[in-house]
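Notes follow once the structure below has been shown.
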Amino acid sequence: MGVTVIATESLSKRFPRVTALDRLSVDIGPGVTGLVGANGAGKSTLIKILLGLSPATEGRAEVLGLDVATKGADIRERVGYMPEHDCLPPDVSATEFVVHMARMSGLPPTAARERTADTLRHVGLYEERYRPIGGYSTGMKQRVKLAQALVHDPQLVFLDEPTNGLDPVGRDEMLGLIRRVHTDFGISVLVTSHLLGELERTCDHVVVIDGGKLLRSSSTTDFTQTTTTLAIEVTDTDDHPDGTRAVRDALHARGVTVEDGSGLPGAGHVLLLTAAGEETYDLVRDVIADLGLGLVRMEQRRHHISEVFKDGDAARKEAVGHGN
Amino acid sequence: MATEQPTATAAGDQTRIHNIGYRSYDGPRLGRAYARRSLYSQSLRGAYGLGRSAKSKVLPMLLFVVMCLPAGIMVAVAVATKANELPLDYTRYAIVLQAVISLYVAAQAPQSVSRDLRFKTVPLYFSRPIETSDYVRAKYAALASALFILTAAPLLVLYVGALLAELDFADQTEGFAQGLVSVALLSLLFAGLGLVVASVTPRRGFGIAAVIAVLTITYGAVSTLQAIADVQDSSGAVVWIGLFSPITLIDGVQSAFLGATSAFPGGTGPSNAEGVVYVLVTLGLIAGAYGLLMRRYKKVGL
Ligand SMILES: Nc1ncnc2c1ncn2[C@@H]1O[C@H](COP(=O)(O)OP(=O)(O)OP(=O)(O)O)[C@@H](O)[C@H]1O
Ligand SMILES: [Mg+2]
């Protein structure tokens, strides 16, 4: 994994009536990391501790190699934070607000203005940035919140539920933007969500917590690539009254193992095979064409992270209604 | 990802601008002290509506004019009539115009702190290198400075006018200096009280009402009680009662130490010994206000 960006060791946070974090130990490297958990799992509490704003009851944590207990101010100079709640004054423009926040991070006046213009453009705000924030849509407000977290060019950003309140399109745009924060801007990201599904496309690594305890921490490629599966469904013809069977036999003859998709919608008509890259797609297309059958669908059935975690409330909720 | 892919068809220009590469920042990061100064100047400007909407400039500017206008008139009269003294002492000016000052504090203290609480901007500040004390000091210093500008400007008008009218230079300079010390103390005290009250409520309307109540109801109660005590010939009581409202507190301090005539009923302010108590109570309130603000914002945190 290379360098460690965030490391916690047996980190606990106990409030009088709840244990928000329970002996959490994780190592997080550069890239985009998803922090997933149901409501109350302890995600926001972890971020507050990592920013050095709330002392841990027990255990220790480091961010960018700095101890959160003693180096809070140094950490906050190098990281950005986008809170989960609204935090924007409605009566100032995005530009004025972000410039002010840049100066609060120590940027000199000219640099603050230049970086604000750049950053707002990067998050996709143009003319509207001169209008008061009060008139913005939720999606635009989320972009302003993201911009104020990025304006001082941090090494790492904490994004607390950035897709909250967005419609599916807005959500996809925000996730794309988050991906770019790492790929284009070179900034590592810790992003929280209670939706497991949406993070798998965006994150290199996912940490799942439940009730303040670590459920699992692994890279998304671990769960997904190893289980990439093709689902195929074909029509029947007069020559091949059972098209599905014909395809299976033809593929078998070429040394490809095929399972029938029992348990899936349309079971009996769906074939599942492990995709070994582009060749598999070509092979399947050729086989079907040779047999003169029609292809109803051929799609990647990546297992969702949610299916990997069968335990935990969130996982169960999330597993419903998913499956590409 | 729609915003990211430049396509020949879709909104060409914007998309292309969007794709100008990310530039990292290698310039200086000026740290806490700079951030505190920036917050101070932003808040001070904000207290006069500068850098904010035209609407938010109206009240503070109006009050500023109302504050300076009487001084201008007095000066004009003094120059025209070749008077040998100003109609009003420097130290009395703020006492006479206390209603205007109270109104200003009531409007601007909530503007300065309630907004950050109401719109939950406070956590954004504390996610940066600045600490609670930086935030509190910047906000406190900004409102105190704004009040000092409001109260010292008319004194400056009087002073310049007095010199134009060729009144005694030494006399006028001493009076002006005493007036400045007095309004500096008043600014610190009123700013502290106003901010403490405003920081308790995120609702601006409540904040305004509460600040007015604290400043004017105490004054009303104190001056009524003082009047009763004076009628009953108990001048000792008049002095001690004066400790319980901000403006009579300032009045007491300046009549004991800054050569001011007392506005207390009967015209007798505190003696020097009593004046020390006045000073201590004033400084105690200022320190107490700072302490309470620190406690308040420690709690707000994230
Ligand atoms: N200041 C506090 N005092 C007492 N309990 C708290 C405090 N902050 C958080 N908690 C509790 O700690 C637990 C974890 O809260 P946290 O906000 O970290 O959850 P979360 O994962 O961010 O949830 P959500 O998805 O709702 O944002 C919750 O049970 C919450 O009630
Ligand atoms: Mg949360």
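Laboratory data are not the source of any read-out in this text; all were calculated from the coordinates shown. Note that this is a predicted model, so its numbers are computed, not measured. So basically every Cβ, Gly included, is an ideal-geometry build from the backbone, and we count neighbours across all protein chains shown.
Using a Förster radius of 35 Å, what is the FRET efficiency between B:Arg295 and A:Thr70 based on their Cβ-Cβ separation? Nearest 0.05, please.
For R0 = 35 Å, the calculated efficiency reads 0.90.
Where the only charges are on Cβ atoms (+1 Lys, Arg; -1 Asp, Glu), what is the dipole of region A:15-136 about its Cα centre, to the nearest 20 debye?
It works out to roughly 100 debye.
Magnitude of the Cβ-charge dipole of the protein assembly as shown, K/R +1 and D/E -1, about the Cα centre, nearest 20 debye?
My answer is approximately 1720 debye.
Springs between alpha-carbon pairs under 10 angstrom, Gaussian network model over chain A: which of A:Gly65, A:Gly34, A:Gly212 fluctuates most?
Largest GNM mean-square fluctuation: A:Gly65.
If R₀ is 56 angstrom, what is the calculated FRET efficiency for the pair A:Arg297 and A:Glu58, using the beta carbon separation as r and rounding to 0.05?
Values: r = 52 Å, r/R0 = 0.93.
With a Förster radius of 56 Å, E is 0.60.
Can you give me the angle between helix B:132-164 and the longest principal axis of chain B, using Cα atoms only, in degrees from 0 to 90, rounded to the nearest 10?
50 degrees
What is the projected area of the convex hull of the Cα atoms of region B:4-300, averaged over all directions, in nm²? Don't skip to the end; give the middle numbers.
Numbers: hull surface 86.0 nm².
About 21.5 nm², averaged over all directions.
Calculate how steeply helix A:138-150 sits against the longest principal axis of the alpha-carbon atoms of chain A, using the helix alpha-carbon long axis, and give the answer as 0 to 90 degrees to the nearest 10.
On a 0 to 90 degree scale, this one is about 60.
Quick one, can you get me the convex hull of the C-alpha atoms of chain A expressed as volume per residue in Å³?
Spread over its residues, the Cα hull of chain A gives 159 Å³ apiece.
Where the eigenvalues come from the Cα gyration tensor of the protein assembly as shown, what are the semi-axes √(5λ) of the equivalent ellipsoid, largest first, in whole Å? Intermediate values should be presented prior to the final figure.
Values: eigenvalues 943, 127, 73 Å².
Output for the protein assembly as shown: semi-axes of 69, 25, 19 Å.
To the nearest 0.05, what FRET efficiency results for A:Arg113 and A:Asp184 with a Förster distance of 22 Å applied to their C-beta separation?
Result of the calculation: an efficiency of 0.50.
Ranking B:Ser271, A:Ser12 by Cβ neighbours within 10 Å, fewest first, what do you get?
B:Ser271, A:Ser12
Just rank B:Ile228, A:Ile6, fewest to most, by other beta-carbon atoms within 10 angstrom.
Ranked by crowding around the Cβ, least crowded first: B:Ile228, A:Ile6.
Measure off 7 Å from each Cα along the Cα-to-Cβ vector at A:His85 and B:Arg23, then give the distance between these two points in nanometres to one decimal.
Result: 3.7 nm between the two label points.
In debye to the nearest 20, how big a dipole does region B:4-300 give about its Cα centre with +1 on each Lys and Arg Cβ and -1 on each Asp and Glu Cβ? Mind dumping the intermediate values first?
Working: 24 positive and 16 negative charges, 399 e Å.
Here region B:4-300 has a charge dipole of around 1920 debye.
What number, rounded to the nearest 500 deg cm²/dmol, is the helix-based mean residue ellipticity at 222 nm of chain B, given -39500 (n - 2.57) per DSSP H run of at least four residues and division by all its residues?
Dividing the helical sum by the residues of chain B leaves -24500 deg cm²/dmol.
How long is the gain from B:Val96 to B:Ala184 if the chain were fully straight, where each residue apart is worth 0.36 nm and the alpha carbon distance is subtracted?
Once the chain is fully extended between B:Val96 and B:Ala184, it gains 30.1 nm.
Which of A:His122, A:His194, A:His205 has the fewest other C-beta atoms within 10 Å, and how do the rest follow up to the most?
Numbers: A:His122 26, A:His194 19, A:His205 23.
Ascending Cβ contact count within 10 Å gives the list A:His194, A:His205, A:His122.
Expressed in nm to one decimal, what extension gain is obtained for the pair B:Ala227 and B:Asn272 from 0.36 nm per residue of sequence separation less their Cα-Cα distance?
Computed gain between B:Ala227 and B:Asn272 is 14.0 nm.
Quick one: how many lysine pairs in chain B have C-alpha atoms under 23 angstrom apart, if they're 8 or more apart or on different chains?
Lysine pair count for chain B: 8.
Over chain B, what relative contact order in percent results from Cα pairs under 8 Å that are six or more residues apart?
Reported relative contact order: 21 percent.
Return the Rg/Rh ratio of region A:98-152 with Cα-based radii and a Kirkwood Rh. Mind showing how you got there, number by number?
On the way: Rg = 10.5 Å, Rh = 11.0 Å.
Taking Rh as the inverse mean 1/r over Cα pairs, Rg/Rh reads 0.95.
Charges on Cβ only, +1 for Lys and Arg, -1 for Asp and Glu, centred on the Cα centroid of the protein assembly as shown; of B:Gly266, A:Leu146, A:Val258, which one is farthest towards the dipole's positive end?
B:Gly266
With unit charges on the beta carbons (Lys and Arg positive, Asp and Glu negative) and the dipole taken about the Cα centre of chain A, which residue among A:Ala112, A:Thr274, A:Met174 sits farthest to the positive side?
Comparing the listed Cα positions along the dipole, A:Ala112 ranks first.
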